[in-house]
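A quick write-up on the structure given underneath.
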Amino acid sequence: MTESTRNRFLLTELIKRDFIKKYKRTTLGILWSALAPLLLLITMDLVFGTFFGNKLPHYTIYLFSGLLLFNYFSGITRNSMTVLYNSAPIYSKVPVPKLYFLISRNVAHFIDFLVSLVLYFIFVAIDGIAFKTNFLLLIYPIVCLFFINFGICMLLSSLYIFLHDISYLWPVICRVIMYSSAIFYDVSILPGTLRRLLQCNPLYMCIDYFRQLVIHSTVPSASYHVILFVMTLLCLAIGGFTYYISRDKIALYV
């Protein structure tokens, strides 16, 4: 077995392990990937629909678009934070690239996201929104968000090795990101300066991409695509650089 074949096998097994472990000893298994966001959607729709439901067309889909992407972002970044630290007993004894543990965790969560995405499109159909061929363009923000998440996961998991306080700080940051991503409110209520600041949030741009395409049947501009692409590369570069400069020191701290 060549080294590349062995590494592919190891990565595949790690993905299987992370995915199976998440639903081990549960009755509904992977269905929780759909039920959890559904219950949250119903709750938030009942609460915030009273204030914004009459002002925004297809408010349920507007809300679901935000929750779908934020839950994916929040879930993977929180759960990947301790991966490198907790996997030390394995990679310290077996010659496997440390990055594989992060990749496997990200892929396992991405599968969960795809299950939730199926539920999202079911709600789109129920809400009377016609399916169009340009829905295929949603692949772009989905791929961008996958790599944005991966970059942030590299950053957080590397920092956690040296600074466990990040596990207490990141949930607070996630809460700030949630409120600055216009998940449940109409961005038009914000003053112009704050609306422009939202464009600095790559998660909001992915959410807004979904809303423009699905609710308003509008394809974002070419500049929108470029900005989101640059933000994705920036997240990958920051996360990759942090991991690169710390990877050789990890064994000294775990």
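Of all residues in segment 32-60, those that are open to solvent by less than 30 Å² (accessible area, probe 1.4 Å) and of a type outside the set (Val, Ile, Thr) have Cβ atoms under 9 Å from Cβ atoms of residues that are at pLDDT below 70 and outside any helix (DSSP H, G or I), 6 or more apart or on another chain, in 33/23; 59/53.
Conditions tested, residue by residue: (1) under 22 Å from the mean Cα position of the chain (by Cα); (2) of a type outside the set (Gly, Ala, Ser); (3) at pLDDT below 95.
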| site | (1), (2), (3) |
| --- | --- |
| 177 | yes, yes, yes |
| 180 | yes, no, yes |
| 194 | no, yes, yes |
| 197 | yes, yes, yes |
| 200 | yes, yes, yes |
| 219 | yes, yes, yes |
| 234 | yes, yes, no |
| 250 | no, yes, yes |
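Taking the criterion of being open to solvent by less than 70 Å² (accessible area, probe 1.4 Å) and assigned to a loop (DSSP other than H, G, I, E, B), the residues of segment 166-192 that qualify are 180, 181, 182, 183, 184, 185, 186, 190. Of all residues in segment 211-242, those satisfying the criterion of being farther than 25 Å from residue 77 by Cβ and either among the basic types (Lys, Arg) or surrounded by fewer than 16 Cβ atoms within 10 Å (Cβ to Cβ) (or both) are 216, 217, 218, 219, 221, 222, 223.
Among the criteria (1) of a type in the set (A, V, I, L, M, F, W, C); (2) open to solvent by 40 Å² or more (accessible area, probe 1.4 Å); (3) part of a helix (DSSP H, G or I), the one residue 113 does not fulfil is (2). Would segment 169-180 turn up any residue that is hydrophobic (A, V, I, L, M, F, W, C), touching a residue at least 40 places away in the same chain (Cβ under 8 Å) and closer than 21 Å to residue 60 by Cα? Checked against the condition, which is being hydrophobic (A, V, I, L, M, F, W, C), touching a residue at least 40 places away in the same chain (Cβ under 8 Å) and closer than 21 Å to residue 60 by Cα, segment 169-180 yields at least one hit. Residues considered: 135, 147. Of these, the only one that is under 28 Å from residue 227 (Cβ atoms), open to solvent by 50 Å² or more (accessible area, probe 1.4 Å), in a helix (DSSP H, G or I) and not hydroxyl-bearing (Ser, Thr, Tyr) is 147. Screening 100, 72 for residues that are open to solvent by less than 50 Å² (accessible area, probe 1.4 Å), under 21 Å from the mean Cα position of the chain (by Cα) and modelled with pLDDT under 85 leaves exactly one candidate, 100. Within segment 100-132, the set of residues being without any contact (Cβ under 8 Å) to a residue 60 or more places away in the chain and either under 22 Å from residue 230 (Cα atoms) or of a type in the set (D, E, K, R) (or both) comprises 106, 110.
Residue-by-condition table, conditions (1) at pLDDT below 90; (2) surrounded by 18 or more Cβ atoms within 10 Å (Cβ to Cβ):
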| position | (1), (2) |
| --- | --- |
| 62 | no, yes |
| 65 | no, yes |
| 84 | yes, yes |
| 89 | yes, no |
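Against the condition open to solvent by 50 Å² or more (accessible area, probe 1.4 Å) and touching a Leu at 6+ places or on another chain (Cβ under 7 Å), how does residue 245 come out, does it pass? For residue 245, the condition - open to solvent by 50 Å² or more (accessible area, probe 1.4 Å) and touching a Leu at 6+ places or on another chain (Cβ under 7 Å) - is not met.
The values are calculated or read from the model by the stated rules, or taken from the named source; none is laboratory data. Being a predicted model, the structure only gives us computed values, none of them experimental. Cβ sites come from the backbone with ideal geometry, for glycine too, and all protein chains shown count toward neighbours. With ligands, DNA and RNA removed, areas are computed over all heavy atoms of the protein, side chains included. Shrake-Rupley method; radii C 1.70, N 1.55, O 1.52, S 1.80 Å.
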